[in-house]
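Values in this text are rule-based calculations from the coordinates and carry no lab data. Since we're looking at a predicted model, the values are computed, not measured. Positions of Cβ are backbone-derived with ideal geometry, glycine not excepted, and every protein chain shown enters the neighbour counts.
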Amino acid sequence: MPGSTLDAFATSTVLVAVAEIGDKTQLLSFALAARYRRAWPIVCGILVATLANHALAGSLGVALAVHLDPRLTVWLVGGSFLAFGIWALVPDRLESAPRPLGGVFLTTTAAFFVAEMGDKTQLATVALGARHAMPVVVTLGTTLGMMIANVPAVLLGGRLAERLPLHAMRYVASALFVATGAATLLFG
C-alpha cells in the first residue's frame, strides 16, 4: 500500500485543505480571530495543535495497518474514505468560542487540539497514515492542508467566510474523499 513520498504528501495536503473548508476547526479559526484579534498567536496555536494531533493520528494509522491483514487494511481504509465522502456533505457547526486559558496561543492550541479529536480531518489522517505508511510525511501534508485552510480564515476573518462557497466546497471535499476511497479499493 505505501506509495511515493510526494504522493503521500500531496494527497494529504489536498484532501485536508479542501475538507477543512467549512469544518468546525475552520469555524473555530473565525471565532478565535473575531474574539482575540491577534492573528499570529492564533496561527501558531493552530500549527502546534495540528502537528501534535495529526502526528498521533498518522502514527496510529501506521500502527493499525501493521497489525491488520493487508487486505483488511485496504478495505478499511478505502471504506473510511468513502464514509468521509458522505460525512463531508454534512455542514459543521461550532457550539461556542473557547474560554481563555492563559493567553491566545495556549487557548488556541488547546481548543484546536480538542476540536480536532474525532473530526473528519483527524480520522482522515489516521486513514492516510494507514494508506501511505509514512506518518511524518502524512503529518506534514495534513498540517499544511490545515494551515492552507485556516490561516486565511484567521487573517481575513468574516470577509472570507462571506465569499467562500462552503456548499460547493463540501461537494469538492466529498468527491476527493470518494475518489481516494475508490482508488484505495481498486489499486490497494
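Side notes on the structure shown:
- Scoring 60-67, 125-132, 136-143, 108-115 by mean Cβ neighbours within 10 Å over their residues and listing the highest first yields 125-132, 136-143, 108-115, 60-67.
- Each residue in Val16, Val43, Val178, Val154 was given a count of other beta-carbon atoms within 10 angstrom of its own, and listing them fewest first yields Val178, Val43, Val154, Val16.
- Burial ordering of Ser174, Ser80, Ser29, fewest other beta-carbon atoms within 10 Å first: Ser174, Ser80, Ser29
- Order of Ile86, Ile148, Ile21, Ile46 - criterion: other Cβ atoms within 10 Å of each residue's Cβ, fewest first: Ile86, Ile148, Ile21, Ile46
- Order by protection proxy (mean Cβ within 10 Å, highest first), peptides 7-14, 30-37: 7-14, 30-37
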